[in-house]
Structures are given as structure tokens and as C-alpha cells.
Amino acid sequence: MKISQKKSLKPYNTFGLEVKADYFAEANSVYEIVSALNFAREENLKIMLLNGGSNLLLTHDFEGLILKLNLKGIEIIDENEDFVWVKVQSGENWHDFVQWTLEKDFGGLENLSLIPGNSGTAPMQNIGAYGVEIKDKMTELSALHIENREIEIFTNAECQFGYRESIFKNERKGQFIILDVTFQLTKKNHFLNTSYGAITSELDKLNIKNPTIQDISKAVISIRQSKLPDPKDIGNSGSFFKNPMIPKSEFEKLQKEFPAISGYVSGEEVKVAAGWLIENAGWKGKRFGDAGVHEKQALVLVNYGNATGQEIYDLSQRIMDDILDKFGIQLEREVNII
Ligand code: EPU
């Protein structure tokens, strides 16, 4: 396995930020992962894992070893008349994997089309879109314990999934390398999730009456492409902030002052659309040098070319301070800040 030094990470993070890593290695197998871990241990280096680099804001050069995970492969591990269990290796691109399931007519992941990143990082933050989260379809995953080098199986419940949360971002943070993820998908009688308003209107627009899972994927792709910037064109990391949960009573107070405020009731709490707050505080489309707020989706911060991670971080802080000041709501970042 080749280990490079002073490696530019620009091609490896979807924000397109120019930072360097002291050491950089790519692992194509568990054996190579362990070799890289051994190297880091011998040299006493900090280690950071990189998968798709799609949920990452790099604010400075990295003094340590960056390990890029390239484990590949998709296999059907079990099936019966109704369901199929598919295991995907962590280095497979997420969207390509979703398209593979749709080509086979396996249902369940269609609403999660076109989410950037690789399959192994999807469970870390329980990726979700248009009414579906990965936790609804995942059965288990296997992960390598970085310290003791043992492979452990985590069931869905053991991952402790929440809204953009899992045990791997909390209690067991930095302890595991996710190797593969298994999903239970439908072979027939697919359950179509069109509850998210934008999907229904997109299907109408496409003039589709009885949608298939492939049609839902098409609708999702079309909505995402119309709102979310493609990292190939403009550096970004999807939603930069989480949608904040606030007590219903607090939301009702805000509604009196801002009748158009957007939020979804969930029990005694309301998930407020952070995009609405940011847009209505006047930040949508604002640009400072090469750091900016996307013009079509205020939840997405962008790098127009040569912004630094620090500039994007500073912009996010100004937005957070302003939202707290105007609406009394504390926003939380969704991306990992390094
Ligand atoms: N809105 C605005 N202005 C904006 C953006 C949004 O007013 O600039 C309001 C609108 O009222 C809209 C509502 O916010 O109806 C919701 O917007 P949208 O459907 O675009 O979804 P979101 O809440 O902004 C979340 C996820 C996205 C996911 C979409 C669709 C989070 C942090 N983000 O965004 O996930 O694709 O729903 O399900 O939960 C990601 O995590 O990287 C991501 C892109």
C-alpha cells in the first residue's frame, strides 16, 4: 500500500477545499486498512477516515494520516419471495448503489437517490431525504474496531439512530471503521413513500399517475438537481445545518410574529425548516469572496472556487449568531468540522 506525504485533499472533499495531509493512504481491503492502522500506530500519528468526503469542512492542514476507504462490492446475501438482503461495501458510491438496486427492481432506497457520499458513511449520520431515512431499511453493518482490530456487527437498534445521528457520531465516535452495510429491500409490493409534498407535485409535473420505484427516483433526482448544487460544479456539503427541533409552544409564539414560518410537527416538538429561517434573515444567495449561501437552498453553504474552510466556518458562525438573535433559535451544524 502506497503512503503519500503532503498530499492535497482538494479532490477528496466535496467542498473542494485546498488543504494538505501529512500522510495519505488508500485502502482497498481490510488487510490494507489494518496495515495503515499499524503504520499510524508505529509513527504515533492521528488518523482520520475519509470516504466520499461529502460531509466534511476542512479548516486546516491535517497533521496525521488520512485513510481513504475504497472497499468495493455489492452482493445479495439472502432472499425470499418478498424480500432481498443486499450487502454493500463501504467504498461504493451511494447513488450508484441506489441505482443498482433500482435496476434490479429492489424497492426501499429510491427516495435516497442522488445523496452524495459513499455507502459506508451513510449510517454515520443516518442520511435521509423525502420522508425516508437509512434507518428504515438497514438491518445491520459490520465495523472494524480501530484499537483492538476486531470486526463487530451492529444491528439496526445498536446503531442508535436519530435525526442525522448514530452511535458512531456520539458514544463510539472515532472508534470504528464501517466496512459494509446490509439492507432489507422489497422484491414486490413496493411501498411507495410519496408523503413529502415535493414528490407528489414533481410526479404531477412529469405526468406520472401510477409511479414505480424508478419513477420516484427520477422525481427525487429532478427535485434535488433543481435545488441542490452539484459538487462537481460548486463545492458544497449538502445541508450545512440541521433543522432545529423546538417545543411546540415556542413554535406557536414564533408563528404569531412570522405567520409563514415553515415547520413539521413531531409529537410535542416542531422541526423548523432552517432553510426558511436563513432565507428570511436575508442570507440566501449572499456571497463573501468565494464563500456563500446557495441561491436556491439557504441551508447549503458553497465554495465558489477558492474559499478557505475557515471562511466558510466564519460565515456559518455569523449565520448562527444572526438566527439566534432574530428568532431565538440555536442552529447546529450538520457537517463535521476538522
Ligand atoms: N425553505 C425555505 N428556503 C430555503 C430552503 C428551504 O424557505 O432556502 C423552506 C421551505 O418552506 C421548504 C422547507 O424549508 O418547504 C423544506 O425545504 P426542503 O424540502 O428543501 O428540505 P430541507 O428541510 O431544507 C431537508 C434535509 C435535506 C433533504 C431534504 C428533503 C436536513 C438538514 N436537510 O432539507 O438533506 O434532502 O430535507 O428531504 O434535514 C442533507 O442532509 O445534506 C440534505 C440535503
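The values are calculated or read from the model by the stated rules, or taken from the named source; none is laboratory data. Since this is a predicted model, take the numbers as computed values, not measurements. Note: ideal-geometry Cβ built from the backbone for every residue, glycine included; neighbour counts use all protein chains shown.
Which residues, counting only those in region 230-287, are closer than 22 Å to GLY162 by Cα and among the aromatic types (Phe, Trp, Tyr)?
Of everything in region 230-287, those that are closer than 22 Å to GLY162 by Cα and among the aromatic types (Phe, Trp, Tyr) turn out to be PHE240, PHE241, PHE251, TYR264.
Name the single residue, out of those in region 217-233 being aliphatic (A, V, I, L, M) and surrounded by 18 or more Cβ atoms within 10 Å (Cβ to Cβ), that is farthest from the chain's Cα centre (by Cα). Step through it out loud before you land on a result.
First, pick out the residues of region 217-233 that are aliphatic (A, V, I, L, M): 219-221, 223, 228.
Filter once more, keeping what is surrounded by 18 or more Cβ atoms within 10 Å (Cβ to Cβ): 219-220, 223, 228.
Values: ALA219: 19, VAL220: 16, ILE223: 17, LEU228: 13 Å.
The selected residue is ALA219.
For region 96-152, give me each residue that is within 16 Å of the ligand (Cβ to nearest atom), within 24 Å of LEU67 (Cα to Cα) and assigned to a strand (DSSP E or B).
ASN118
Looking only at region 1-21, filter to residues that are over 24 Å from the mean Cα position of the chain (by Cα) and surrounded by fewer than 17 Cβ atoms within 10 Å (Cβ to Cβ); which one of those is nearest to ILE151 (Cα to Cα)?
MET1
From GLY292, GLY275, grab the single residue that is in a helix (DSSP H, G or I) and among the small types (Gly, Ala, Ser).
Numbers: GLY292 fails: in a helix (DSSP H, G or I).
So the residue among GLY292, GLY275 that is in a helix (DSSP H, G or I) and among the small types (Gly, Ala, Ser) is GLY275.
For region 282-303, give me each residue that is among the small types (Gly, Ala, Ser) and buried (at least 17 other Cβ atoms within 10 Å of the Cβ).
The first filter runs over region 282-303 and keeps only residues among the small types (Gly, Ala, Ser), leaving 282, 285, 289, 291-292, 298.
Passing the criteria: ALA291, GLY292, ALA298.
For region 99-114, enumerate the residues that are surrounded by fewer than 22 Cβ atoms within 10 Å (Cβ to Cβ) and either in contact with a strand residue (DSSP E or B) (Cβ under 7 Å, 6 or more places away or on another chain) or among the β-branched types (Val, Ile, Thr) (or both).
Going residue by residue through region 99-114, those that are surrounded by fewer than 22 Cβ atoms within 10 Å (Cβ to Cβ) are 99-100, 102-105, 114.
Passing the criteria: only TRP100.
So for region 9-26 (the condition being aromatic (Phe, Trp, Tyr), part of a helix (DSSP H, G or I) and in the same structural domain as ASP61 (by TED's automatic domain parsing)), does at least one residue qualify? Talk me through it step by step, then tell me what you get.
Let us first name the residues in region 9-26 that are aromatic (Phe, Trp, Tyr), namely 12, 15, 23-24.
Next, only the ones that are part of a helix (DSSP H, G or I) stay: 12.
This time we only want the ones that are in the same structural domain as ASP61 (by TED's automatic domain parsing), so: 12.
Looking through region 9-26, at least one residue is aromatic (Phe, Trp, Tyr), part of a helix (DSSP H, G or I) and in the same structural domain as ASP61 (by TED's automatic domain parsing).
Restricting to region 42-92, what's the tally of residues that are within 20 Å of GLU32 (Cα to Cα), part of a loop (DSSP other than H, G, I, E, B) and not hydroxyl-bearing (Ser, Thr, Tyr)? Full working, then the answer.
Taking region 42-92 as the starting set, the residues that turn out to be within 20 Å of GLU32 (Cα to Cα) are 42-53, 64-74, 88-92.
Cutting the leftovers down to part of a loop (DSSP other than H, G, I, E, B) gives us 44-46, 51-53, 70-73, 90-92.
Retained after the next criterion (residues that are not hydroxyl-bearing (Ser, Thr, Tyr)): 44-46, 51-53, 70-73, 91-92.
Looking only at that region, the number is 12.
Given the conditions (1) at pLDDT 95 or above; (2) over 17 Å from the mean Cα position of the chain (by Cα), report the number of the one that PHE241 does not fulfil.
Against the list (1) at pLDDT 95 or above; (2) over 17 Å from the mean Cα position of the chain (by Cα), PHE241 comes up short only on (2).
Within region 24-51, track down each residue that is crowded, with 21+ Cβ neighbours inside 10 Å and more than 23 Å from LYS72 (Cβ to Cβ).
none
Considering only residues that are near the ligand (Cβ under 10 Å from one of its atoms) and within 16 Å of GLU334 (Cα to Cα), which ones fall in region 229-260?
ASN236, SER237, GLY238, SER239, PHE240, PHE241, LYS242, ASN243, PRO244
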